[in-house]
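The values are calculated or read from the model by the stated rules, or taken from the named source; none is laboratory data. Please read these numbers as outputs of a predicted model, since none were measured by experiment. Every residue, glycine as well, gets a Cβ built from its backbone with ideal geometry; the counts of neighbours run over all protein chains shown.
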Amino acid sequence: MTAERSSSAALEQALALIDEATVVADASSLILAASENPGGTELVAVRVLESIASRLGGRSRRQLVAPGRPNLSIRFGPDATEATPGVLMLGHSDVVPAGEGWAADPFNPRVADGWLTGRGAADMKGGIAAALQAMAAVHRAMPDAPLELLVTVDEEDLATGIEAHLAATDPAAIYRACIVAEPTDMAVVIACRGAANLQVEVSGRAAHAGRPEDGASAITTAARIIDWVADDHARMRAGASGLLGSATWNVGRVEGGHGTSIVPDRCTLLIDRRLMPGETGSEALAQLEAGIADALGSDGCTADATLLMEMPGFETAPTHPLVATAVEALVAEGVPAPVEAWTAACEGGFIARHHGCPTVIVGPGDITGQAHQPDERVRIADLGAAARAYTRMLVHLHH
């Protein structure tokens, strides 16, 4: 049998094992395993993942990141080697807090009118369920293919899960590709900006508001820093080009002062900085510190900036064979499969930077229209299409 016929036979065998109803049931079980972050634990969701993996024939291994917060690696087939590199699929077990405005219990999954609704349906328990079934199906058809699903904790907050994984993982580990199952509305995302969360603590000097010149207003100084951030944001946007445009700044929170009759002696800023591929959080911090130095006046206020979290970006060349593999897999499932950049950030940049492997993001659900919102939902048809498309990609990548 030729390699092409062998691949075709393996694909046919694997696709026959994909069952959309089972993907929905597994995604529903994961939604029931509430794993809100911040404020909760991913442990119950990890236990459900281990149960699904055991049923499907996968090998699970935990890495404890913090009490009640284990990363989970699920492997099918042999471990990857230099002669036979593996394919890594990537996801996260945490979800953002449910919040208000739901029509029903956010952690009681509901199936109606072709949709699965519940917190995490789109971001990203549906994608994880589809990935697991695809990997198990390919393993049945191609037992010698090294396949791994990494599910991290704390993706939605400080990325401590992926950081712990990389600290314990040899960069020389061989992956021929990384497929991130985040919700892209079934587009093929080949470029993704990173993100840095920064905090600025401004210290001033309190005084009675009747004699404000006796004090030093931390809020006034913070306002000058905010002006610098807005100006630098405009500067970067003016030079935007390519798929990803430019880096951006956003001041997401301002908190300070004590009352109207007191000159404020403190003010805290929380700032989001989107990073271009290759740009680091430390570089963004240095830029912010330079801007702070320009913004400080002569009234004695001081300001300290801290990098709270960094998530690197990545960019895979549109001509890379992995991109064509992803597009062809989706088109075969009747999905248009546009090739796009992403406005969000994800942990794929960590893998691309650490292992040097080509990376794409492909998954069911809409990151802007559904994720992080009340009544989050995903199309059931997309869950099935994603499982079959992942199956096609995994078979093709191992031939």
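Looking for whichever is of a type in the set (Gly, Ala, Ser) and more than 21 Å from residue 366 (Cα to Cα) here; the options are 348, 300, 313. Which one fits?
The match here is 300.
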* Structure fact -> Across (1) assigned to a strand (DSSP E or B); (2) buried (at least 19 other Cβ atoms within 10 Å of the Cβ), residue 306 clears everything bar (2)
* To do: Would you check if residue 276 is under 24 Å from the mean Cα position of the chain (by Cα), among the aliphatic types (A, V, I, L, M) and at pLDDT below 95?
  => no
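Answer with yes or no whether residue 129 is on the phi > 0 side of the Ramachandran plot and touching a residue at least 40 places away in the same chain (Cβ under 8 Å).
Against the criterion (on the phi > 0 side of the Ramachandran plot and touching a residue at least 40 places away in the same chain (Cβ under 8 Å)), residue 129 does not qualify.
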* Looking at (1) buried (at least 17 other Cβ atoms within 10 Å of the Cβ); (2) of a type outside the set (D, E, K, R); (3) farther than 23 Å from residue 389 by Cα, which is the one condition that is false for residue 122? -> (3)
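Scan the range 7-59 for residues that are assigned to a helix (DSSP H, G or I), of a type in the set (Asp, Glu) and farther than 21 Å from residue 382 by Cβ and jot them down. Walk me through it before giving the result.
If we filter the range 7-59 for residues that are assigned to a helix (DSSP H, G or I), which is where we start, we get 7-16, 20-32, 43-56.
Filter once more, keeping what is of a type in the set (Asp, Glu): 12, 20, 26, 50.
Selection gives 12, 50.
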* Asked: Taking the range 336-356, which residues are at pLDDT 95 or above and either touching a strand residue (DSSP E or B) at 6+ places or on another chain (Cβ under 6 Å) or crowded, with 21+ Cβ neighbours inside 10 Å (or both)?
  -> 337, 339, 340, 341, 347, 348, 349, 350, 351, 352
* Residue within the range 310-333 that is touching a residue at least 60 places away in the same chain (Cβ under 8 Å), closer than 30 Å to residue 218 by Cβ and of a type outside the set (Gly, Ala, Ser) present -> yes
* Extreme residue, surrounded by the most Cβ atoms within 10 Å (Cβ to Cβ), among residues of the range 171-189 that are among the hydrophobic types (A, V, I, L, M, F, W, C) and over 18 Å from residue 392 (Cα atoms) -> 174
* Across the range 238-250, what is the total count of residues that are in a strand (DSSP E or B) and within 12 Å of residue 192 (Cα to Cα)? -> 1
* Just name the residue that is surrounded by the fewest Cβ atoms within 10 Å (Cβ to Cβ) out of those in the range 228-248 that are closer than 24 Å to residue 217 by Cα and not acidic (Asp, Glu). => 230
* Name the residue, out of 172, 103, 168, 177, that is among the aliphatic types (A, V, I, L, M), in contact with a helix residue (DSSP H, G or I) (Cβ under 9 Å, 6 or more places away or on another chain) and touching a residue at least 24 places away in the same chain (Cβ under 8 Å). => 177
* To do: Out of 343, 359, report the one residue that is of a type in the set (S, T, N, Q) and either within 27 Å of residue 100 (Cα to Cα) or in contact with a Lys or Arg (Cβ under 8 Å, 6 or more places away or on another chain) (or both).
  => 343
* To do: For the range 350-361, indicate whether the set of residues that are over 23 Å from residue 278 (Cβ atoms), outside any strand (DSSP E or B) and charged (D, E, K, R) is non-empty.
  => no
* Candidates 307, 394, filtered to the one that is at pLDDT 95 or above, of a type outside the set (Gly, Ala, Ser) and touching a Gly at 6+ places or on another chain (Cβ under 8 Å) -> 307
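Pick out the one residue from 300, 334 that is assigned by TED's automatic domain parsing to the domain that holds residue 281, of a type outside the set (Asp, Glu) and over 14 Å from the mean Cα position of the chain (by Cα).
300
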* Condition met for residue 389 (modelled with pLDDT of 95 or more and either within 18 Å of the chain's Cα centre (by Cα) or more than 27 Å from residue 198 (Cα to Cα) (or both)) -> yes
* Is there a residue in the range 318-329 that is in the same structural domain as residue 387 (by TED's automatic domain parsing) and either within 13 Å of the chain's Cα centre (by Cα) or in a strand (DSSP E or B) (or both)? -> no
* Are any residues in the range 251-276 in a strand (DSSP E or B) and without any contact (Cβ under 8 Å) to a residue 24 or more places away in the chain, and if so, which ones? -> 252, 253, 255
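Please work out which residue is surrounded by the fewest Cβ atoms within 10 Å (Cβ to Cβ), limiting yourself to the range 40-85 and to residues that are of a type in the set (D, E, K, R) and farther than 26 Å from residue 145 by Cα.
In the first step, residues of the range 40-85 are kept if they are of a type in the set (D, E, K, R); the result is 42, 47, 50, 55, 59, 61-62, 69, 75, 79, 82.
After this cut, where a residue has to be farther than 26 Å from residue 145 by Cα as well, the list is 42, 69.
Values: 42: 30, 69: 23.
Ranking the candidates gives 69 first.
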